[in-house]
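The values are calculated or read from the model by the stated rules, or taken from the named source; none is laboratory data. Everything quoted here is computed from the prediction, not taken from an experiment. As a convention, Cβ positions derive from the backbone with ideal geometry for all residues, glycine included, and neighbour counts pool all protein chains shown.
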Amino acid sequence: MNKSKDNPLPEQQEGVEFARGPKAFVDRRAAPTRAMLVTPDITKQPNRRTIDARKAEFEGLAEAINLVVVQSIIVSVREIKPATFIGGGHVEAIAETVRDEKIKLVLLDCQLSPIQQRNLEKQVGAKVLDRTALILEIFGERAATREGVLQVELAHLNYQKGRLVRSWTHLERQRGGLGFVGGPGETQIEADRRQLQERITLLTQRLNKVKKTRTEQRKARKVVPHPIISLVGYTNAGKSTLFNCLTGASAEEADMLFATLDTTVRRRILPHKREVVFSDTVGFIADLPTDLVAAFRSTLEEVTDAHLVLHVRDVSNPDHLAQAQDVADVLKDLGVTPEDVPFIEVWNKIDQADEGLLEQARAQHKSDVPVVEVSAVTGQNIDKLISMIEEKLAENSRVQRVILPHEAAGKAHWLFENGEVIDQSSSDDELSIVYQVRIPKNKMSGFLEEFGPYVLMH
(Lines give C-alpha, C1' and ligand atoms only; values in the text may rest on other atoms or scores of the structure.)
Protein backbone atom coordinates (compact mmCIF):
# COMPACT_ATOMS: atom_id res chain seq x y z
CA MET A 1 0.00 0.00 0.00
CA ASN A 2 1.40 3.41 -0.93
CA LYS A 3 1.14 6.00 1.79
CA SER A 4 1.50 9.67 1.13
CA LYS A 5 3.17 11.79 3.79
CA ASP A 6 0.95 14.66 2.72
CA ASN A 7 -2.24 12.60 2.96
CA PRO A 8 -1.82 10.08 5.76
CA LEU A 9 -4.59 7.68 6.63
CA PRO A 10 -6.94 8.83 9.39
CA GLU A 11 -5.64 6.12 11.70
CA GLN A 12 -2.08 7.38 11.25
CA GLN A 13 -3.11 10.88 12.21
CA GLU A 14 -4.58 9.55 15.46
CA GLY A 15 -1.52 7.49 16.31
CA VAL A 16 -2.95 4.04 15.51
CA GLU A 17 -1.85 1.78 12.71
CA PHE A 18 -4.63 -0.39 11.32
CA ALA A 19 -3.07 -2.71 8.78
CA ARG A 20 0.53 -1.81 8.13
CA GLY A 21 1.73 -5.39 8.04
CA PRO A 22 3.62 -7.59 10.49
CA LYS A 23 5.97 -5.00 11.91
CA ALA A 24 3.72 -3.10 14.28
CA PHE A 25 0.18 -2.54 15.48
CA VAL A 26 0.84 0.90 16.97
CA ASP A 27 2.35 3.81 15.04
CA ARG A 28 5.13 5.28 17.20
CA ARG A 29 5.72 8.16 14.79
CA ALA A 30 2.61 9.89 16.08
CA ALA A 31 1.59 11.10 19.52
CA PRO A 32 0.79 8.43 22.14
CA THR A 33 -2.52 6.73 21.44
CA ARG A 34 -5.47 7.23 23.79
CA ALA A 35 -6.45 3.74 24.88
CA MET A 36 -9.06 1.95 26.95
CA LEU A 37 -8.31 -1.37 28.69
CA VAL A 38 -10.96 -4.05 29.22
CA THR A 39 -10.30 -7.06 31.46
CA PRO A 40 -13.03 -9.71 31.04
CA ASP A 41 -13.92 -11.60 34.22
CA ILE A 42 -15.18 -14.94 32.89
CA THR A 43 -17.43 -16.45 35.57
CA LYS A 44 -17.19 -20.11 34.53
CA GLN A 45 -13.45 -20.09 33.78
CA PRO A 46 -11.21 -20.97 36.76
CA ASN A 47 -8.12 -18.81 37.19
CA ARG A 48 -5.24 -18.84 39.65
CA ARG A 49 -5.23 -15.07 39.78
CA THR A 50 -7.61 -12.61 41.30
CA ILE A 51 -9.31 -10.38 38.76
CA ASP A 52 -7.59 -7.34 40.30
CA ALA A 53 -4.16 -8.96 39.78
CA ARG A 54 -5.01 -9.76 36.16
CA LYS A 55 -6.19 -6.18 35.60
CA ALA A 56 -2.98 -4.79 37.12
CA GLU A 57 -0.83 -7.04 34.92
CA PHE A 58 -2.73 -6.00 31.79
CA GLU A 59 -2.21 -2.35 32.71
CA GLY A 60 1.49 -3.10 33.08
CA LEU A 61 1.57 -4.57 29.59
CA ALA A 62 -0.16 -1.49 28.15
CA GLU A 63 2.30 0.83 29.91
CA ALA A 64 5.17 -0.97 28.19
CA ILE A 65 4.36 0.67 24.83
CA ASN A 66 3.42 4.10 23.53
CA LEU A 67 -0.09 4.42 24.99
CA VAL A 68 -2.03 6.81 27.21
CA VAL A 69 -4.43 4.67 29.25
CA VAL A 70 -7.57 6.79 29.63
CA GLN A 71 -9.66 4.13 31.36
CA SER A 72 -9.20 0.56 32.59
CA ILE A 73 -12.28 -1.50 33.50
CA ILE A 74 -13.34 -5.02 34.46
CA VAL A 75 -16.38 -6.51 32.70
CA SER A 76 -18.23 -9.59 33.89
CA VAL A 77 -18.68 -12.33 31.26
CA ARG A 78 -21.13 -15.11 32.11
CA GLU A 79 -20.61 -16.78 28.74
CA ILE A 80 -18.38 -15.89 25.84
CA LYS A 81 -20.32 -14.41 22.91
CA PRO A 82 -19.28 -15.87 19.52
CA ALA A 83 -19.74 -12.50 17.82
CA THR A 84 -18.13 -10.08 20.28
CA PHE A 85 -16.70 -12.14 23.19
CA ILE A 86 -18.32 -9.77 25.73
CA GLY A 87 -22.04 -8.97 26.09
CA GLY A 88 -23.92 -6.36 24.10
CA GLY A 89 -24.46 -4.08 27.11
CA HIS A 90 -20.72 -3.90 27.76
CA VAL A 91 -20.07 -3.22 24.07
CA GLU A 92 -22.51 -0.28 24.13
CA ALA A 93 -20.92 1.13 27.30
CA ILE A 94 -17.45 0.87 25.76
CA ALA A 95 -18.67 2.56 22.56
CA GLU A 96 -20.06 5.44 24.63
CA THR A 97 -16.74 5.86 26.48
CA VAL A 98 -14.86 5.73 23.17
CA ARG A 99 -16.98 8.61 21.84
CA ASP A 100 -16.87 10.70 25.00
CA GLU A 101 -13.15 10.29 25.68
CA LYS A 102 -11.97 10.30 22.03
CA ILE A 103 -10.38 6.89 22.50
CA LYS A 104 -8.72 5.39 19.43
CA LEU A 105 -7.65 1.98 20.74
CA VAL A 106 -9.49 -0.60 22.87
CA LEU A 107 -7.41 -3.45 24.33
CA LEU A 108 -9.08 -6.62 25.62
CA ASP A 109 -7.26 -9.01 27.96
CA CYS A 110 -8.31 -12.16 26.10
CA GLN A 111 -7.76 -13.82 22.75
CA LEU A 112 -10.22 -12.63 20.11
CA SER A 113 -11.08 -14.42 16.90
CA PRO A 114 -10.80 -12.32 13.70
CA ILE A 115 -14.62 -12.14 13.53
CA GLN A 116 -14.93 -10.97 17.14
CA GLN A 117 -12.24 -8.36 16.55
CA ARG A 118 -13.94 -7.07 13.38
CA ASN A 119 -17.38 -6.93 15.00
CA LEU A 120 -16.09 -5.08 18.04
CA GLU A 121 -14.29 -2.52 15.89
CA LYS A 122 -17.50 -1.81 13.99
CA GLN A 123 -19.59 -1.50 17.14
CA VAL A 124 -17.27 0.52 19.40
CA GLY A 125 -15.88 2.77 16.65
CA ALA A 126 -12.21 2.28 17.48
CA LYS A 127 -9.31 -0.02 16.72
CA VAL A 128 -9.51 -3.21 18.85
CA LEU A 129 -6.54 -5.39 19.82
CA ASP A 130 -6.39 -8.46 22.04
CA ARG A 131 -3.76 -9.72 24.50
CA THR A 132 -1.88 -11.55 21.75
CA ALA A 133 -1.46 -8.40 19.64
CA LEU A 134 -0.34 -6.37 22.65
CA ILE A 135 2.34 -8.88 23.68
CA LEU A 136 3.48 -9.17 20.05
CA GLU A 137 3.86 -5.40 20.01
CA ILE A 138 6.04 -5.47 23.14
CA PHE A 139 8.15 -8.37 21.89
CA GLY A 140 8.61 -6.61 18.56
CA GLU A 141 9.92 -3.53 20.32
CA ARG A 142 12.26 -5.37 22.71
CA ALA A 143 13.75 -8.21 20.65
CA ALA A 144 17.44 -7.53 20.06
CA THR A 145 19.14 -10.70 18.85
CA ARG A 146 18.74 -11.94 15.29
CA GLU A 147 16.84 -15.00 16.46
CA GLY A 148 14.54 -12.91 18.65
CA VAL A 149 13.72 -10.53 15.79
CA LEU A 150 13.01 -13.42 13.41
CA GLN A 151 10.82 -15.24 15.94
CA VAL A 152 8.75 -12.14 16.64
CA GLU A 153 8.28 -11.33 12.96
CA LEU A 154 7.18 -14.91 12.33
CA ALA A 155 4.67 -14.67 15.17
CA HIS A 156 3.38 -11.37 13.75
CA LEU A 157 2.88 -12.92 10.33
CA ASN A 158 1.02 -15.94 11.69
CA TYR A 159 -1.22 -13.61 13.70
CA GLN A 160 -1.90 -11.35 10.73
CA LYS A 161 -2.61 -14.21 8.31
CA GLY A 162 -6.01 -14.91 9.85
CA ARG A 163 -6.95 -11.24 9.86
CA LEU A 164 -6.37 -10.30 6.24
CA VAL A 165 -10.09 -10.10 5.49
CA ARG A 166 -10.50 -7.41 8.10
CA SER A 167 -7.44 -5.53 6.92
CA TRP A 168 -8.31 -5.48 3.25
CA THR A 169 -11.97 -4.67 3.87
CA HIS A 170 -10.63 -1.50 5.47
CA LEU A 171 -8.14 -0.79 2.69
CA GLU A 172 -10.42 -1.44 -0.30
CA ARG A 173 -11.87 2.03 -0.13
CA GLN A 174 -8.35 3.50 -0.15
CA ARG A 175 -7.45 1.59 -3.33
CA GLY A 176 -10.47 1.95 -5.59
CA GLY A 177 -11.48 -0.66 -8.17
CA LEU A 178 -8.72 -2.35 -10.16
CA GLY A 179 -10.99 -4.30 -12.53
CA PHE A 180 -10.04 -7.78 -11.33
CA VAL A 181 -12.65 -10.53 -11.36
CA GLY A 182 -14.06 -10.95 -7.87
CA GLY A 183 -13.23 -7.40 -6.79
CA PRO A 184 -10.05 -5.69 -5.57
CA GLY A 185 -10.33 -6.90 -1.98
CA GLU A 186 -10.57 -10.58 -2.86
CA THR A 187 -7.65 -10.42 -5.31
CA GLN A 188 -5.50 -8.44 -2.89
CA ILE A 189 -6.22 -10.93 -0.08
CA GLU A 190 -5.03 -13.81 -2.27
CA ALA A 191 -1.88 -11.93 -3.26
CA ASP A 192 -1.14 -10.95 0.30
CA ARG A 193 -1.70 -14.46 1.63
CA ARG A 194 0.78 -15.75 -0.92
CA GLN A 195 3.32 -13.08 0.06
CA LEU A 196 2.79 -13.81 3.74
CA GLN A 197 3.25 -17.54 3.23
CA GLU A 198 6.43 -16.97 1.21
CA ARG A 199 7.79 -14.74 3.98
CA ILE A 200 6.79 -17.27 6.65
CA THR A 201 8.62 -20.03 4.76
CA LEU A 202 11.73 -17.85 4.39
CA LEU A 203 11.73 -16.88 8.08
CA THR A 204 11.30 -20.50 9.13
CA GLN A 205 14.34 -21.49 7.04
CA ARG A 206 16.41 -18.67 8.53
CA LEU A 207 15.34 -19.58 12.05
CA ASN A 208 16.33 -23.20 11.53
CA LYS A 209 19.83 -22.02 10.54
CA VAL A 210 20.07 -19.74 13.58
CA LYS A 211 18.89 -22.54 15.89
CA LYS A 212 21.47 -24.90 14.41
CA THR A 213 24.19 -22.33 15.09
CA ARG A 214 22.94 -21.80 18.64
CA THR A 215 22.91 -25.55 19.27
CA GLU A 216 26.54 -25.74 18.15
CA GLN A 217 27.42 -22.83 20.43
CA ARG A 218 25.76 -24.58 23.36
CA LYS A 219 27.73 -27.74 22.60
CA ALA A 220 30.95 -25.73 22.60
CA ARG A 221 29.99 -24.16 25.92
CA LYS A 222 29.49 -27.61 27.45
CA VAL A 223 33.14 -28.40 26.75
CA VAL A 224 34.09 -25.51 29.04
CA PRO A 225 33.54 -27.04 32.49
CA HIS A 226 32.14 -23.96 34.23
CA PRO A 227 28.75 -24.54 35.88
CA ILE A 228 25.83 -22.65 34.32
CA ILE A 229 23.46 -20.85 36.70
CA SER A 230 20.19 -19.77 35.08
CA LEU A 231 17.95 -17.03 36.47
CA VAL A 232 14.29 -17.66 35.71
CA GLY A 233 11.09 -16.04 36.93
CA TYR A 234 7.95 -14.16 36.09
CA THR A 235 8.35 -10.97 34.09
CA ASN A 236 9.34 -7.95 36.20
CA ALA A 237 10.48 -10.14 39.12
CA GLY A 238 13.83 -8.32 39.12
CA LYS A 239 15.95 -10.96 37.35
CA SER A 240 18.07 -8.47 35.39
CA THR A 241 18.73 -6.34 38.48
CA LEU A 242 19.78 -9.47 40.38
CA PHE A 243 21.88 -10.63 37.40
CA ASN A 244 23.72 -7.30 37.38
CA CYS A 245 24.16 -7.47 41.15
CA LEU A 246 25.67 -10.97 40.95
CA THR A 247 27.91 -10.39 37.93
CA GLY A 248 28.68 -6.68 37.81
CA ALA A 249 27.16 -6.64 34.32
CA SER A 250 24.88 -3.98 32.85
CA ALA A 251 21.90 -5.92 31.48
CA GLU A 252 18.92 -3.66 30.87
CA GLU A 253 16.88 -2.98 33.99
CA ALA A 254 13.44 -1.41 33.97
CA ASP A 255 10.35 -1.48 36.15
CA MET A 256 8.20 -2.79 33.32
CA LEU A 257 7.07 -6.08 31.85
CA PHE A 258 9.45 -7.77 29.39
CA ALA A 259 12.38 -5.41 29.87
CA THR A 260 14.59 -8.40 28.93
CA LEU A 261 13.75 -10.65 25.97
CA ASP A 262 17.10 -12.12 24.97
CA THR A 263 19.34 -14.35 27.04
CA THR A 264 22.39 -12.61 28.53
CA VAL A 265 25.39 -14.64 29.73
CA ARG A 266 28.24 -13.49 32.02
CA ARG A 267 31.06 -15.25 33.86
CA ARG A 268 32.02 -14.68 37.47
CA ILE A 269 34.55 -16.16 39.89
CA LEU A 270 32.87 -17.00 43.21
CA PRO A 271 34.59 -16.36 46.58
CA HIS A 272 35.93 -19.94 46.73
CA LYS A 273 37.56 -19.47 43.32
CA ARG A 274 35.02 -21.48 41.33
CA GLU A 275 34.29 -19.88 37.96
CA VAL A 276 30.63 -19.99 36.95
CA VAL A 277 28.42 -18.71 34.13
CA PHE A 278 25.26 -16.76 34.99
CA SER A 279 22.45 -16.71 32.42
CA ASP A 280 19.59 -14.16 32.51
CA THR A 281 16.48 -15.31 30.64
CA VAL A 282 13.21 -13.83 29.33
CA GLY A 283 10.49 -13.31 31.92
CA PHE A 284 7.51 -15.65 32.05
CA ILE A 285 3.90 -14.49 31.72
CA ALA A 286 0.52 -16.18 32.04
CA ASP A 287 -1.48 -16.96 28.89
CA LEU A 288 1.41 -16.42 26.52
CA PRO A 289 0.05 -16.10 22.96
CA THR A 290 0.23 -19.36 21.01
CA ASP A 291 2.18 -17.68 18.20
CA LEU A 292 4.95 -16.75 20.67
CA VAL A 293 5.24 -20.02 22.57
CA ALA A 294 7.87 -21.35 20.16
CA ALA A 295 9.94 -18.17 20.39
CA PHE A 296 9.61 -18.11 24.15
CA ARG A 297 10.61 -21.73 24.65
CA SER A 298 13.52 -21.64 22.23
CA THR A 299 14.94 -18.80 24.32
CA LEU A 300 14.37 -20.81 27.49
CA GLU A 301 16.17 -23.87 26.13
CA GLU A 302 19.28 -22.39 27.74
CA VAL A 303 17.78 -23.38 31.09
CA THR A 304 17.89 -27.07 30.17
CA ASP A 305 21.71 -26.91 30.31
CA ALA A 306 21.78 -25.30 33.75
CA HIS A 307 23.65 -26.87 36.67
CA LEU A 308 21.64 -24.67 39.05
CA VAL A 309 18.40 -22.71 38.62
CA LEU A 310 17.63 -19.53 40.55
CA HIS A 311 13.86 -19.05 40.55
CA VAL A 312 13.48 -15.31 41.17
CA ARG A 313 10.15 -14.27 42.70
CA ASP A 314 8.82 -10.77 43.35
CA VAL A 315 7.46 -11.27 46.86
CA SER A 316 6.22 -7.68 46.94
CA ASN A 317 3.58 -8.70 44.38
CA PRO A 318 0.44 -10.03 46.11
CA ASP A 319 0.03 -12.47 43.20
CA HIS A 320 3.52 -14.00 43.44
CA LEU A 321 2.26 -17.48 44.40
CA ALA A 322 0.25 -17.80 41.17
CA GLN A 323 3.17 -16.37 39.20
CA ALA A 324 5.52 -18.95 40.73
CA GLN A 325 3.17 -21.75 39.69
CA ASP A 326 3.07 -20.46 36.10
CA VAL A 327 6.87 -20.51 36.02
CA ALA A 328 6.98 -24.02 37.48
CA ASP A 329 4.49 -25.27 34.87
CA VAL A 330 6.57 -24.02 31.92
CA LEU A 331 9.81 -25.34 33.42
CA LYS A 332 8.18 -28.72 33.95
CA ASP A 333 7.23 -28.80 30.25
CA LEU A 334 10.90 -28.17 29.46
CA GLY A 335 11.93 -31.03 31.75
CA VAL A 336 13.49 -28.71 34.33
CA THR A 337 12.32 -29.51 37.87
CA PRO A 338 13.96 -29.56 41.34
CA GLU A 339 14.10 -33.36 40.97
CA ASP A 340 16.31 -32.98 37.87
CA VAL A 341 18.35 -29.85 38.61
CA PRO A 342 19.22 -28.12 41.91
CA PHE A 343 16.97 -25.09 42.56
CA ILE A 344 17.18 -22.06 44.83
CA GLU A 345 14.14 -19.84 45.29
CA VAL A 346 15.24 -16.21 45.42
CA TRP A 347 12.53 -14.11 47.03
CA ASN A 348 13.37 -10.68 45.65
CA LYS A 349 12.20 -7.14 46.54
CA ILE A 350 11.92 -7.84 50.28
CA ASP A 351 12.64 -4.13 50.79
CA GLN A 352 9.21 -3.46 49.22
CA ALA A 353 7.33 -6.51 50.49
CA ASP A 354 4.50 -6.41 53.01
CA GLU A 355 5.57 -8.32 56.13
CA GLY A 356 2.18 -10.02 56.37
CA LEU A 357 2.50 -11.34 52.80
CA LEU A 358 6.04 -12.52 53.56
CA GLU A 359 4.89 -14.45 56.64
CA GLN A 360 2.11 -16.04 54.60
CA ALA A 361 4.58 -17.08 51.88
CA ARG A 362 6.95 -18.58 54.45
CA ALA A 363 4.13 -20.58 56.00
CA GLN A 364 2.99 -21.88 52.59
CA HIS A 365 6.46 -22.91 51.38
CA LYS A 366 6.46 -26.68 51.83
CA SER A 367 9.03 -27.92 49.30
CA ASP A 368 12.64 -28.87 49.98
CA VAL A 369 13.89 -26.12 47.68
CA PRO A 370 15.91 -23.66 49.81
CA VAL A 371 14.80 -20.03 49.98
CA VAL A 372 16.88 -16.85 50.21
CA GLU A 373 15.13 -13.52 50.78
CA VAL A 374 17.03 -10.72 49.06
CA SER A 375 16.82 -7.23 47.63
CA ALA A 376 18.75 -6.91 44.41
CA VAL A 377 18.39 -3.12 44.64
CA THR A 378 19.79 -2.65 48.16
CA GLY A 379 22.07 -5.71 48.11
CA GLN A 380 20.44 -7.19 51.21
CA ASN A 381 21.37 -10.89 51.68
CA ILE A 382 23.19 -11.13 48.34
CA ASP A 383 26.25 -12.55 50.16
CA LYS A 384 23.98 -15.19 51.67
CA LEU A 385 22.69 -16.08 48.20
CA ILE A 386 26.23 -16.44 46.83
CA SER A 387 27.16 -18.73 49.74
CA MET A 388 24.12 -20.89 49.06
CA ILE A 389 25.03 -21.05 45.36
CA GLU A 390 28.47 -22.36 46.28
CA GLU A 391 26.97 -24.89 48.69
CA LYS A 392 24.51 -26.16 46.08
CA LEU A 393 27.21 -26.52 43.43
CA ALA A 394 29.49 -28.31 45.92
CA GLU A 395 26.68 -30.77 46.79
CA ASN A 396 26.59 -31.86 43.19
CA SER A 397 30.32 -32.50 42.76
CA ARG A 398 33.43 -33.87 44.45
CA VAL A 399 37.00 -32.62 44.32
CA GLN A 400 39.49 -35.31 43.25
CA ARG A 401 43.27 -35.33 42.76
CA VAL A 402 44.62 -37.21 39.78
CA ILE A 403 48.27 -37.89 38.93
CA LEU A 404 48.89 -38.68 35.26
CA PRO A 405 52.28 -39.88 34.06
CA HIS A 406 53.37 -38.35 30.79
CA GLU A 407 52.53 -41.53 28.88
CA ALA A 408 48.88 -41.17 30.04
CA ALA A 409 48.69 -37.44 29.37
CA GLY A 410 46.21 -38.01 26.54
CA LYS A 411 43.55 -38.90 29.09
CA ALA A 412 43.54 -35.34 30.46
CA HIS A 413 41.02 -34.16 27.85
CA TRP A 414 38.33 -36.20 29.67
CA LEU A 415 38.89 -34.14 32.82
CA PHE A 416 38.47 -30.85 30.96
CA GLU A 417 35.37 -32.00 29.09
CA ASN A 418 33.55 -33.64 32.00
CA GLY A 419 34.79 -31.89 35.11
CA GLU A 420 36.15 -28.59 36.35
CA VAL A 421 39.94 -28.49 36.50
CA ILE A 422 40.74 -26.31 39.50
CA ASP A 423 44.52 -26.64 39.41
CA GLN A 424 47.29 -28.50 37.61
CA SER A 425 50.99 -28.74 38.45
CA SER A 426 54.02 -30.93 37.88
CA SER A 427 54.82 -33.68 40.38
CA ASP A 428 57.94 -33.40 42.52
CA ASP A 429 59.87 -35.69 40.21
CA GLU A 430 58.47 -33.84 37.18
CA LEU A 431 57.49 -37.15 35.58
CA SER A 432 53.74 -36.61 36.02
CA ILE A 433 51.07 -33.91 36.07
CA VAL A 434 48.84 -33.56 39.13
CA TYR A 435 45.30 -32.37 38.45
CA GLN A 436 42.86 -31.10 41.06
CA VAL A 437 39.45 -31.50 39.49
CA ARG A 438 35.82 -31.15 40.57
CA ILE A 439 33.69 -34.01 39.21
CA PRO A 440 29.86 -33.86 39.09
CA LYS A 441 28.04 -36.75 40.77
CA ASN A 442 26.60 -38.01 37.51
CA LYS A 443 30.12 -38.28 36.06
CA MET A 444 31.73 -40.10 38.99
CA SER A 445 31.28 -43.64 37.70
CA GLY A 446 32.87 -42.70 34.36
CA PHE A 447 35.65 -40.86 36.17
CA LEU A 448 36.53 -43.84 38.39
CA GLU A 449 36.42 -46.20 35.43
CA GLU A 450 38.79 -43.97 33.47
CA PHE A 451 41.10 -42.74 36.24
CA GLY A 452 40.80 -45.28 39.10
CA PRO A 453 44.51 -46.20 39.10
CA TYR A 454 45.58 -42.55 38.95
CA VAL A 455 43.42 -41.11 41.76
CA LEU A 456 45.37 -39.78 44.76
CA MET A 457 43.71 -40.64 48.06
CA HIS A 458 43.05 -37.65 50.36
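So, in region 49-78, how many residues would count as being surrounded by fewer than 18 Cβ atoms within 10 Å (Cβ to Cβ) and part of a helix (DSSP H, G or I)?
The qualifying residues number 6.
Look at region 335-366 and say how many of its residues are assigned to a loop (DSSP other than H, G, I, E, B) and on the phi < 0 side of the Ramachandran plot.
14
Can we say Gln188 is farther than 25 Å from Asp287 by Cβ, surrounded by 12 or more Cβ atoms within 10 Å (Cβ to Cβ) and at pLDDT 85 or above?
Criteria not met by Gln188.
Suppose we filter region 79-135 for residues that are of a type in the set (Lys, Arg) and in a loop (DSSP other than H, G, I, E, B); how many remain? If you could, list the steps in order and put the result at the bottom.
As a first pass, look at region 79-135 and keep what is of a type in the set (Lys, Arg): 81, 99, 102, 104, 118, 122, 127, 131.
With in a loop (DSSP other than H, G, I, E, B) added as a condition, the list becomes 102, 104.
Going through region 79-135 one residue at a time, the tally reaches 2.
Of the residues Val377, Val369, Val309, which is part of a strand (DSSP E or B) and either at pLDDT 90 or above or small (Gly, Ala, Ser) (or both)?
Answer to the check: Val309.
Kindly indicate which of Glu355, Glu359, Glu345 is in the same structural domain as Lys239 (by TED's automatic domain parsing) and closer than 27 Å to Ser397 by Cβ. Explain how you work it out, then say what you get.
On the way: Glu355 fails: closer than 27 Å to Ser397 by Cβ; Glu359 fails: closer than 27 Å to Ser397 by Cβ.
Exactly one of Glu355, Glu359, Glu345 is in the same structural domain as Lys239 (by TED's automatic domain parsing) and closer than 27 Å to Ser397 by Cβ, namely Glu345.
State which residue pairs qualify: first residue more than 13 Å from Glu302 (Cα to Cα) and in a helix (DSSP H, G or I) and inside region 216-237, second residue of a type in the set (S, T, N, Q) and at pLDDT below 90 in any location, beta carbons under 8 Å apart, and separation of 6 or more residues or different chains.
Filtered contacts from region 216-237: no entries.
Take Ser316 and decide whether it is within 30 Å of Ile51 (Cα to Cα) and modelled with pLDDT under 95.
Considered against the rule, which asks whether it is within 30 Å of Ile51 (Cα to Cα) and modelled with pLDDT under 95, Ser316 comes out as yes.
I'd like the full set of residues that are acidic (Asp, Glu) and either in contact with a helix residue (DSSP H, G or I) (Cβ under 7 Å, 6 or more places away or on another chain) or loosely packed, with under 12 Cβ neighbours inside 10 Å (or both), limited to region 377-430.
Asp383, Glu395, Glu407, Glu417, Asp423, Asp428, Asp429, Glu430 - these are the residues of region 377-430 that are acidic (Asp, Glu) and either in contact with a helix residue (DSSP H, G or I) (Cβ under 7 Å, 6 or more places away or on another chain) or loosely packed, with under 12 Cβ neighbours inside 10 Å (or both).
Could you grab me the full set of residues in region 445-458 that are loosely packed, with under 15 Cβ neighbours inside 10 Å and under 19 Å from His307 (Cβ atoms)?
If the condition is that a residue be loosely packed, with under 15 Cβ neighbours inside 10 Å and under 19 Å from His307 (Cβ atoms), then Ser445, Gly446 are the ones that fit.
Give me the residue from region 149-177 that is of a type in the set (A, V, I, L, M) and either under 16 Å from the mean Cα position of the chain (by Cα) or at pLDDT 50 or above (or both) and, out of that set, farthest from Leu196 (Cα to Cα).
Taking region 149-177 first, the residues of a type in the set (A, V, I, L, M) are 149-150, 152, 154-155, 157, 164-165, 171.
Next, from what is left, pick out any that are either under 16 Å from the mean Cα position of the chain (by Cα) or at pLDDT 50 or above (or both): 149-150, 152, 154-155, 157, 164-165.
Details: Val149: 17, Leu150: 14, Val152: 14, Leu154: 10, Ala155: 12, Leu157: 7, Leu164: 10, Val165: 14 Å.
Taking the candidates together, the pick is Val149.
In region 431-444, how many are crowded, with 16+ Cβ neighbours inside 10 Å, modelled with pLDDT under 85 and not charged (D, E, K, R)?
2
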